[in-house]
Amino acid sequence: MNIYNNKKTFFYKLKSSCKKEWSEYTNHKFLSDLVTNKLPDKNFKDYLVQDYVFLQQFLKILALSIYKSNSFEEINRSVNFIKGIDHEIKLHISYCKTWGIPLKSLNNVVVEKANSAYTDHVLRIGKNGDNLDIFSCLCACIIGYGEIGFKLSKIKNWKKSKYSSWIEMYSSKGYQKIAKENINYLDELLKKNKKKNLSKLKKNFKKSTILEKNFWECFT
């Protein structure tokens, strides 16, 4: 059993509450085209540019999670997460260069509405909630990408794809560890919030999943 199908976790309960939407997101045409080399270079480059903007918004969400923290452990976790995303942005800039996308063009991006819709959703939920609310929304991205990477790496001949470096990044031991840590963190946050409205958390997660799927739609 892989970490994404452990029925005891809160993450599993969240994705099981919207199976159709989760499948549409994690099995999207963008991903199948990516692994089979059918995705045009332009589409992938457009995705990389939008992802650069997304990572910056991600930092704002994590900054909010620091403000919403109730312990040093929570603060420290989000601070370290910010350091990790800062490092990822630098790697992303280098990766974009290998695809012929200079930093100058990254700083003059017209943000897709489908891109900002997701981060705006998480920020809105976070401002009115707590870290369980924030990470219940964010896990569609953080853990979702881990599950996507894991699944794509099980497809025969995935390494022959010109986008194999992207698949390798999210299927790597390093990223799978991040996904597992976030699955565990969700469980920890839930234990501290036993009176939390689970139906509301599932509703917010479902919307996050739909918005993530809508993001893929920009590139197919």
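Rounded to whole Å, give me the distance from the Cα center of segment 185-220 to that of segment 43-86.
So the separation of the two Cα centres works out to 16 Å.
Taking just the alpha-carbon atoms of the chain, what radius of gyration and Dmax come out, in angstrom?
Looking at the chain, its Cα Rg and Dmax stand at 16.8, 50 Å.
Considering the zone a paramagnetic label at Y12 would reach in this model (a point 7 Å from Cα along the Cα-to-Cβ line), which residues of segment 146-188 have amide N under 16 Å from it?
Label zone hits: 147, 180-188.
Taking 0.36 nm per intervening residue step and subtracting the Cα-Cα distance, what contour gain separates K203 from W99 on full extension?
Details: separation 104, 0.36 × 104 = 37.44 nm, distance 3.75 nm.
33.7 nm is the gain from fully extending K203 to W99.
Taking 8 Å as the Cα distance limit and 6 or more residues as the minimum spacing, I'd like the relative contact order of the chain as a percentage.
On the way: 215 pairs, mean separation 79.4, N = 220.
Worked out over the chain, it gives 36 percent.
For Cα pairs less than 8 Å apart in space and 6+ apart in sequence, what is the mean separation divided by the residue count of segment 109-181, i.e. the relative contact order in percent?
Values: 38 pairs, mean separation 19.4, N = 73.
Here the relative contact order equals 27 percent.
List the pair-distance distribution P(r) of segment 9-57, using every Cα-Cα distance, as the percent of pairs falling in each 10 Å bin from 0 up to the bin containing the longest distance, rounded to whole percents.
Whole-percent P(r) values from 0 Å outward: 22, 33, 36, 9.
Keeping every protein chain present and rolling a 1.4 Å probe, give me the accessible area per residue for the chain in Å². Please list the in-between numbers first.
Details: 11340 Å² over 220 residues.
Each residue of the chain exposes 52 Å² on average to a 1.4 Å probe.
Give me the Kirkwood hydrodynamic radius of segment 106-220, using the inverse of the mean 1/r over all pairs of distinct Cα atoms, in Å to one decimal. Let's see the in-between values first.
Working: mean 1/r = 0.0641 Å⁻¹.
About 15.6 Å, per the Kirkwood formula over Cα pairs.
Dimensions of segment 1-127 along principal axes (Cα, Å, largest first)?
The Cα atoms of segment 1-127 stretch 43, 32, 27 Å along the principal axes, largest first.
Whenever you get a sec, compute what percent of the accessible area on segment 1-100 sits on carbon and sulfur atoms (1.4 Å probe).
Working: 2920 of 5200 Å².
Of the solvent-accessible surface of segment 1-100, carbon and sulfur hold 56 percent.
Write down the Kirkwood hydrodynamic radius of segment 89-146, to one decimal in angstroms, obtained as one divided by the mean of 1/r over all alpha carbon pairs.
Values: mean 1/r = 0.0744 Å⁻¹.
13.4 Å is the Kirkwood radius here.
Could you state the principal axis extents of the C-alpha atoms in segment 74-119, from the largest down, to the nearest angstrom?
Cα spread of segment 74-119 along its principal axes, largest to smallest: 37, 26, 13 Å.
The values are calculated or read from the model by the stated rules, or taken from the named source; none is laboratory data. As the structure is a prediction and not an experimental result, all values here were calculated from the model. For neighbour counting, all protein chains shown are included, and Cβ atoms are generated from backbone atoms with ideal geometry for every residue, glycine included. Protein only, heavy atoms only, side chains kept; ligands, DNA and RNA dropped before computing areas. Shrake-Rupley method; radii C 1.70, N 1.55, O 1.52, S 1.80 Å.
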